Amino acid sequence: MRKGAPRLLAFTDPVRTPDPLAVAARLPAGAALVYRTFGAPEADAVAARLVRLVRARRGRLLIGADARLAARVGADGVHLPERCAWQARRLKALWPDWIVTCAAHSATAVRRAQMAGADAAVVSSVFPSRSASAGAPLGVLRLAGIIRTGGLPIYALGGVDDETAGQLKALPLAGFAGVDAF
């Protein structure tokens, strides 16, 4: 795992986690919160509060798909959608201390994220998920294959909860990700 990589990522979602501050208040030390704004008009104010709350819990804040917002509020980095992975190296050049993660839905996408300079990939959906964007679950065996060929730290996302996390413990993951992971 790369130096400083969070051991767990928690993602916000306006439908399933309408109160990101409550999620941040439960964030374990060493974890990161990925605040996905989806264009919310109050994003700047919420992100500024999240930075303070997450850091007080010895965590990190990544902003989903909005490097400008991340820079404005002094976040610790960004999480990019798969289609934007190509931006990772440029963002790391502008903000060398940032953590840049990329969504990935296949082994090919993980390799693209690695070649683009991302610090980690968030592979989804591993298990069946209620997320509107979740596709067919990859399953543990396909995830293991992706990890073997990926070349960078991998987080598992999608349907990860207390019940399914046990199936992932033997894999060399950077951590688990998801709103139900803690």
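The values are calculated or read from the model by the stated rules, or taken from the named source; none is laboratory data. Nothing here was measured: the structure is a model prediction, and the numbers come from that model. Here the Cβ is made from the backbone with ideal geometry for all residues, glycine too, and neighbour counts use every protein chain on show.
Condition first: in contact (Cβ under 8 Å) with a residue 60 or more places away in the chain and surrounded by 14 or more Cβ atoms within 10 Å (Cβ to Cβ). Now tell me which residues in the range 26-44 satisfy that.
Selection gives 27, 28, 31, 32, 34.
Name the residues in the range 117-139 that are surrounded by 16 or more Cβ atoms within 10 Å (Cβ to Cβ), among the aliphatic types (A, V, I, L, M) and over 25 Å from residue 91 (Cβ atoms), would you?
126, 134, 138
Of all residues in the range 151-180, count the ones that are within 12 Å of residue 110 (Cβ to Cβ) and surrounded by fewer than 21 Cβ atoms within 10 Å (Cβ to Cβ).
Residues in the range 151-180 being within 12 Å of residue 110 (Cβ to Cβ) and surrounded by fewer than 21 Cβ atoms within 10 Å (Cβ to Cβ): 1 in total.
Restricting the search to the range 85-128, which residues are among the hydroxyl-bearing types (Ser, Thr, Tyr) and in contact (Cβ under 8 Å) with a residue 60 or more places away in the chain?
101
What about residue 59, is it of a type outside the set (Asp, Glu) and either in contact (Cβ under 8 Å) with a residue 24 or more places away in the chain or touching a strand residue (DSSP E or B) at 6+ places or on another chain (Cβ under 7 Å) (or both)?
yes
Somewhere in the range 105-127, is a residue in contact with a Lys or Arg (Cβ under 7 Å, 6 or more places away or on another chain) and not hydrophobic (A, V, I, L, M, F, W, C)?
yes
Inspect the range 135-148 for any residue being touching a Cys at 6+ places or on another chain (Cβ under 8 Å) and either assigned to a loop (DSSP other than H, G, I, E, B) or closer than 19 Å to residue 32 by Cβ (or both) and give the result as yes or no.
No, there is no match, as no residue in the range 135-148 is touching a Cys at 6+ places or on another chain (Cβ under 8 Å) and either assigned to a loop (DSSP other than H, G, I, E, B) or closer than 19 Å to residue 32 by Cβ (or both).
If you go through the range 70-83 one residue at a time, do you hit one that is surrounded by fewer than 21 Cβ atoms within 10 Å (Cβ to Cβ), under 15 Å from the mean Cα position of the chain (by Cα), modelled with pLDDT of 95 or more and not in a helix (DSSP H, G or I)?
Within the range 70-83, one or more residues are surrounded by fewer than 21 Cβ atoms within 10 Å (Cβ to Cβ), under 15 Å from the mean Cα position of the chain (by Cα), modelled with pLDDT of 95 or more and not in a helix (DSSP H, G or I).
Pick from 6, 18: which is out of contact with any helix residue (DSSP H, G or I) (no Cβ under 9 Å at 6 or more places or on another chain), on the phi < 0 side of the Ramachandran plot and in contact (Cβ under 8 Å) with a residue 60 or more places away in the chain?
The conditions single out 6.
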